[in-house]
């Protein structure tokens with residue numbers, strides 16, 4: 001039976017994000033969580049494979065304890081079990097540490113897995129790095145930004161658009177794909193699914209020690225990249241207001257910003273006058 | 001022995017027009033950064049029969065080219081390119097590696113970073129060198145609503161990907177010379193575990209609007225289809241592309257291709273001219289990465305006007321016409 005692992009991230013619902021107008025920053029702790037859209041597509045791809053050829057789906061997520069919600073959602077949609085990686089020590093992980101943590105957890109909780117599916121990127125940080133890095137960590141063939149997947153026997157055939165090329169690729173299992181939102185649409189939770197998610201849900205929770213992670217290689221501590229500062233690009237933006245007759249406004253615009261406009265279009269816009 | 005000079009590497013991504021352009025743009029920024037840490041700028045090129053690009057990269061500022069030219073590299077290959085980059089970086093120990101955030105680069109860079117055990121920042125919108133000589137990587141977060149300044153303080157190389165159009169290339173100069181270091185293909189190169197079955201040029205339109213340095217965007221406030229059409233003349237003068245809002249596309253003033261918004265294109269120009277656009281969230285979110293916004297609207301309280309760097313309170317169509325006249329006068 002095909003053993004599939006779907007990596008899922010809980011992300012803040014961006015449209016609902018409360019802002020602190022004074023600082024121009026997000027109040028993340030107040031945000032509602034949801035399943036990252038591309039992760040939903042990855043889950044949908046796995047469910048379709050399961051529906052046609054059979055298989056078993058493990059949904060795995062790393063996050064605070066509340067991230068268990070997305071595992072329940074995945075089970076409601078048809079995943080067989082969930083693995084929650086949660087440990088305060090895992091907080092603040094960059095993509096390389098995240099993929100390291102996920103890889104070790106997948107090996108621990110899903111030995112003998114065949115296919116790992118991830119969303120191609122997340123709506124909160126949008127790096128798209130975890131999937132390719134997971135391929136490296138697990139040392140299995142992998143393809144990113146996949147639109148469609150087909151499994152036949154031990155071979156996986158994938159289609160994607162990559163830099164204006166329509167590509168068809170193939171690899172043998174075990175392998176990993178990251179899935180775009182292009183082809184696989186999110187589905188609704190069936191009524192029976194809700195019962196599965198809450199009555200008999202099979203969810204295991206693992207911390208760093210249970211996974212057997214090197215404490216030097218997790219969370220913010222193990223991360224190579226550090227966030228030094230966060231700011232809103234629009235906060236503190238000077239909003240210059242120009243009014244008057246159109247011709248005069250345009251003259252003013254060039255007097256003040258001819259360098260800026262000229263720089264962007266690669267032309268010298270200065271007149272002899274200035 | 002003289003210590004090896006520090007180096008900033010740019011991955012030579014040449015497969016199509018925008019990949020070629022982003023490489024040139026990165027070389028340009030790398031040159032500016034190199035001055036601050038006294039480093040040399042190198043391009044790394046894998047392929048077969050790629051002398052044209054080698055020459056191009058030198059003309060655009062690369063002082064050194066690491067080149068592996070072999071028939072096995074004629075087609076882009078993720079596993080092989082990753083292996084070659086890892087080996088070369090381990091040997092030469094560059095301070096910084098910059099990769100264009102093309103579809104290939106977005107998959108390639110994270111793999112290389114993991115192999116080298118270092119950090120990587122995605123889609124940087126700015127790169128600077130700080131007082132300690134560290135690369136400060138400015139990355140957008142939450143759909144561009146926030147910018148994070150990220151550093152890789154201890155591990156090396158410091159790595160970042162950058163989207164096409166973020167930096168401006170320097171003009172080519174074919175008098176420039178550079179050193180070409182030929183790196184042979186390693187013996188016993190493993191076969192890629194991912195097989196390319198078929199690859200064809202996508203019929204998809206070039207991403208002109210998404211990559212344009214100047215975008216002229218129009219909304220219903222322009223008044224009519226005829227007035228909207230004037231934007232094309234303005235865009236032509238500015239060497240830019242025309243974008244539109246949803247109501248304008250619905251009214252058939254513009255093609256769906258021109259739609260800038262949640263269901264359309266995301267843009268990131270150096271300058272965005274916004275004419276008669278009130279600024280629905282679906283539209284403004286797609287404009288978040290615009291570096292400088294000049295908005296024109298009769299209503300000074302329109303959301304787009306509040307977000308703009310320059311808000312012009314006037315009739316959008318009249319300003320468009322005046323701009324065309326003034327630009328014709330100034331561009332000689």
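Throughout, read-outs are computed from the coordinates displayed, never taken from laboratory work. For clarity, every value in this text was computed on a predicted model and none was experimentally measured. Neighbour counts are summed over all protein chains in view; Cβ atoms, including those assigned to glycine, are modelled from backbone coordinates with ideal geometry.
Only bridges with both residues in the protein assembly as shown count here: give the DSSP antiparallel percent, nearest 5.
35
So how do B:301-307, B:79-85, A:212-218 stack up, highest first, on mean other-Cβ count within 10 Å?
On the way: B:301-307: 19.3, B:79-85: 21.0, A:212-218: 14.7.
Final packing ranking: B:79-85, B:301-307, A:212-218.
How crowded by other chains is B:129-137, given as the mean number of beta carbons from other chains within 10 Å of each beta carbon?
Average neighbour count from other chains, rounded to a whole number: 1.
Can you tell me how much longer the chain between residue A:238 and residue A:185 gets when fully stretched, taken as 0.36 nm per residue apart minus their C-alpha distance, in nm with one decimal?
Values: separation 53, 0.36 × 53 = 19.08 nm, distance 4.12 nm.
Between residue A:238 and residue A:185, full extension yields 15.0 nm more.
Using Cα springs under 10 Å in a Gaussian network model of chain B, which residue among B:195, B:15, B:268 shows the largest mean-square fluctuation?
B:195
Could you let me know the centre-to-centre spacing of segment A:48-119 and segment B:241-318, using Cα atoms, in angstrom?
Cα centres, segment A:48-119 to segment B:241-318: 40 Å.
For Cα pairs less than 8 Å apart in space and 6+ apart in sequence, what is the mean separation divided by the residue count of segment B:66-213, i.e. the relative contact order in percent?
29
What is the packing order of peptides A:57-68, A:181-192, A:147-158, taking the mean over residues of other C-beta atoms within 10 Å and listing the highest first?
Listed from highest to lowest mean packing, they are A:57-68, A:147-158, A:181-192.
Calculate the mean, over all residues of peptide B:227-239, of how many other protein chain Cβ atoms lie within 10 angstrom of the residue's Cβ. Please list the in-between numbers first.
Working: counts 0, 0, 0, 0, 0, 0, 0, 0, 0, 0, 2, 4, 4.
Per residue, the number of nearby Cβ atoms from other chains is 1 on average.
Given a Förster distance of 30 Å, report the FRET efficiency between residue B:208 and residue A:205 from their Cβ-Cβ distance, rounded to the nearest 0.05.
0.05
Report for chain B the percent antiparallel among DSSP-assigned beta bridges with both residues inside it, nearest 5.
Antiparallel: roughly 15 percent of the beta bridges in chain B.
Counting other C-beta atoms within 10 Å, which of A:257, B:11 has the fewest, and how do the rest follow? Write down the numbers at each step before the final one.
Values: A:257 19, B:11 27.
Ordered from fewest to most neighbouring Cβ atoms within 10 Å, A:257, B:11 come out as A:257, B:11.
With everything on Cα atoms, drop me the angle between helix B:17-37 and the longest principal axis of chain B, reported from 0 to 90° to the nearest 10.
70
Can you give me the angle between helix A:68-77 and the longest principal axis of chain A, using Cα atoms only, in degrees from 0 to 90, rounded to the nearest 10?
70
Within segment A:100-210, what percent of beta bridges assigned by DSSP are antiparallel, to the nearest 5?
So the antiparallel bridges amount to about 60 percent of the total.
Would you mind computing, in nm to one decimal, how far apart the modelled labels at residue A:226 and residue A:139 are, each placed 7 Å from Cα along Cα→Cβ?
My value for the distance between the label points is 3.2 nm.
Would you please give the FRET efficiency between residue B:201 and residue B:175, computed as 1/(1 + (r/R0)^6) with r the Cβ-Cβ distance and R0 = 51 Å, to the nearest 0.05?
Working: r = 35 Å, r/R0 = 0.68.
For residue B:201 and residue B:175, the calculated efficiency is 0.90.
Label the protein assembly as shown by shape, choosing from rounded, prolate and oblate, from the square roots a ≥ b ≥ c of the eigenvalues of the Cα gyration tensor; if a/c is under 1.5 it is rounded, and otherwise prolate applies when a/b is larger than b/c, oblate when it is not.
oblate
Taking every residue in B:196-202, how many Cβ atoms of other protein chains lie within 10 Å of its Cβ, on average?
6
From Cα pairs below 8 angstrom and at least 6 apart in sequence, can you work out the relative contact order of segment B:95-166, rounded to a whole percent?
43
With springs only between Cα atoms under 10 Å apart, run a GNM on chain A and tell me which of A:211, A:146, A:241 wobbles the most.
A:241
Rounded to the nearest 10 degrees, what's the angle between the helix B:103-116 long axis and the longest principal axis of chain B, both from Cα atoms, 0 to 90?
Rounded to the nearest ten degrees, it is 40.
Pick from A:162, A:205, A:223 the residue whose mean-square fluctuation is largest in a GNM of chain A, springs joining Cα atoms under 10 Å.
Result: A:162 has the largest fluctuation of those listed.
Over chain B, what relative contact order in percent results from Cα pairs under 8 Å that are six or more residues apart?
14
Please arrange B:76, B:174 by how many other C-beta atoms lie within 10 Å of their C-beta, fewest to most.
The order, fewest Cβ neighbours first, is B:174, B:76.
What is the calculated FRET efficiency for residue A:13 to residue A:194, with r their C-beta to C-beta distance and R₀ = 25 Å, to the nearest 0.05? Before the final figure, lay out each step's value.
Numbers: r = 20 Å, r/R0 = 0.81.
Working from the Cβ atoms, E equals 0.80.
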